[in-house]
1. Hey, among L129, L140, L116, L102, which residue is buried (at least 21 other Cβ atoms within 10 Å of the Cβ) and of a type outside the set (K, R)?
2. Could you check segment 66-98 and list, in sequence order, the residues that are under 13 Å from R141 (Cα atoms), of a type outside the set (G, A, S) and assigned to a helix (DSSP H, G or I)?
3. Look through segment 36-45, keep the residues that are surrounded by 12 or more Cβ atoms within 10 Å (Cβ to Cβ) and modelled with pLDDT of 95 or more, and return whichever of them is farthest from P342 (Cα to Cα).
4. For segment 60-69, state whether one or more residues are at pLDDT below 95 and surrounded by 12 or more Cβ atoms within 10 Å (Cβ to Cβ).
5. Can you confirm whether segment 156-176 contains a residue that is part of a loop (DSSP other than H, G, I, E, B), at pLDDT 95 or above and surrounded by 14 or more Cβ atoms within 10 Å (Cβ to Cβ)?
6. Do we find that I110 is assigned to a helix (DSSP H, G or I), farther than 24 Å from V260 by Cβ and in contact (Cβ under 8 Å) with a residue 24 or more places away in the chain in this structure?
7. Output the residues belonging to segment 318-372 that are acidic (D, E) and in a loop (DSSP other than H, G, I, E, B).
Amino acid sequence: MKKKVILIGATLLLLSTIIYYIAAPYFRTVYSDKIWLGTNISKEEEVLFDFVNNNLTDSNGGIYTNYTNVKSAGDITKGHAILSESQGIMLLYSLEKNDKILFDKTLEYIKNNMILSNSLISWRVEGSLKSDTSATIDDLRIVKALLLAEKRWNIKSYRVMAINISRGIYKELVDNNVIVDFNDRYKMSDVTTLCYLDLETLRMLSDLDSSWKKVLESSVQIINNGYISDEVPFYKKEFNRKQETYDDNQNIDTLLSMIVILNKQENGQDISKSIQWIKNRFKADGFISTSYSKDGKAISNIESTSIYSFIVQISSRTNDEELAKLAMNKIRAFQISNFNSPVYGGYGMDDGSQVYSYDNLNALMSYRYFKY
């Protein structure tokens with residue numbers, strides 16, 4: 001009899017442990033020092049949003065990659081294909097704007113059209129064709145948006161969805177605590193692009209499930225070891241986990257480094273050297289190039305709306321008014337102000353060519369962050 005009681009007790013203890021392990025992530029506190037700025041909507045933001053909403057978004061809430069509708073070529077996405085990247089950025093913009101209706105419409109498109117059988121998000125939908133591969137950077141962005149939405153609007157179902165996606169990420173995209181770029185159902189990518197490592201999202205997931213703590217630690221290490229130098233405080237593009245090497249021979253991709261810098265900033269890491277370098281280069285050259293050599297020389301005079309958007313977000317967080325204004329002036333100058341243009345209010349060419357959702361959505365984000 002005594003043995004039977006002990007056995008029942010041990011079984012109940014085991015069951016309760018399993019139940020706690022499964023249920024705990026749904027109830028644990030997620031810590032975030034996120035501050036909602038609530039800046040006023042400027043005329044520039046208003047006309048840009050109208051353009052995106054009326055010309056780049058379908059009736060179901062999917063955001064087109066381009067204004068013009070041409071067919072994609074392999075992995076080069078064009079036309080009215082819809083990317084998880086765009087949907088994730090719009091979720092974050094909706095949060096910054098405190099627009100739950102827009103958030104839910106954007107999320108509904110993801111739910112109805114992009115969820116894969118492994119709980120990840122299809123990176124591209126084109127017509128009736130849905131890719132069965134996800135992009136880790138986009139999956140993490142959507143998880144971040146969902147966890148922040150739960151905190152902002154106190155709706156538990158957002159967390160439930162975030163947990164489901166995160167479990168898919170952990171199962172399909174984590175190898176020995178290292179996050180990889182994708183899993184094409186045949187094998188995991190050997191490469192981790194540094195800007196894919198969304199440290200703040202990983203930290204929030206660590207609050208829910210301690211298994212993510214080692215993933216966060218390895219991600220921080222991979223990023224920090226990819227730092228180029230104090231003289232050029234940007235980051236290498238990618239890390240090969242099999243060879244444990246970085247892409248040392250490539251020029252610096254400014255956009256990718258900006259995303260890394262923002263990810264580090266959100267995670268509370270010191271980025272002061274990077275900010276000062278960007279500011280000094282901006283003031284000396286009058287612009288920020290899309291590419292630099294390893295010794296810090298601009299490879300070209302090509303500029304990017306998205307790069308300036310990330311500078312606005314980064315500098316606004318550090319209250320660097322001068323740098324924020326320098327970048328915001330560029331963003332305003334790039335906006336199409338020609339009333340006769342079919343893409344008035346947006347970003348691209350007057351004739352409607354080279355109008356990319358990524359630049360337009362990032363410009364929207366910059367207006368949410370600019371507070372001066």
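The values are calculated or read from the model by the stated rules, or taken from the named source; none is laboratory data. Keep in mind it's a predicted model, so treat the numbers as computed, not measured. We place every Cβ from the backbone using ideal geometry, glycine too, and count neighbours over all the protein chains shown.
1. Working: L129 fails: buried (at least 21 other Cβ atoms within 10 Å of the Cβ); L116 fails: buried (at least 21 other Cβ atoms within 10 Å of the Cβ); L102 fails: buried (at least 21 other Cβ atoms within 10 Å of the Cβ).
Unique residue meeting the criteria: L140.
2. E85, Q87, I89, M90, L91, L92, Y93, L95, listed by residue number.
3. S42
4. Filtering segment 60-69 down to residues at pLDDT below 95 leaves 68-69.
With the extra rule that they be surrounded by 12 or more Cβ atoms within 10 Å (Cβ to Cβ), the set shrinks to 68.
Yes: one or more hits.
5. Scanning segment 156-176 turns up no residue that is part of a loop (DSSP other than H, G, I, E, B), at pLDDT 95 or above and surrounded by 14 or more Cβ atoms within 10 Å (Cβ to Cβ).
6. Details: assigned to a helix (DSSP H, G or I): yes; farther than 24 Å from V260 by Cβ: yes; in contact (Cβ under 8 Å) with a residue 24 or more places away in the chain: yes.
Yes.
7. Going through segment 318-372, the residues acidic (D, E) turn out to be 320-322, 350-351, 359.
The answer is D320, D350, D351.
Residue-wise test of (1) free of Cβ contacts under 8 Å to residues at least 40 places away in the same chain; (2) surrounded by fewer than 22 Cβ atoms within 10 Å (Cβ to Cβ); (3) under 30 Å from K43 (Cβ atoms).
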| residue | (1), (2), (3) |
| --- | --- |
| S257 | no, no, no |
| V260 | no, no, no |
| D270 | yes, yes, no |
| N301 | yes, yes, yes |
| L326 | no, yes, yes |
| I331 | yes, no, yes |
| I336 | yes, yes, yes |
| P342 | no, yes, yes |
| Y347 | no, no, yes |
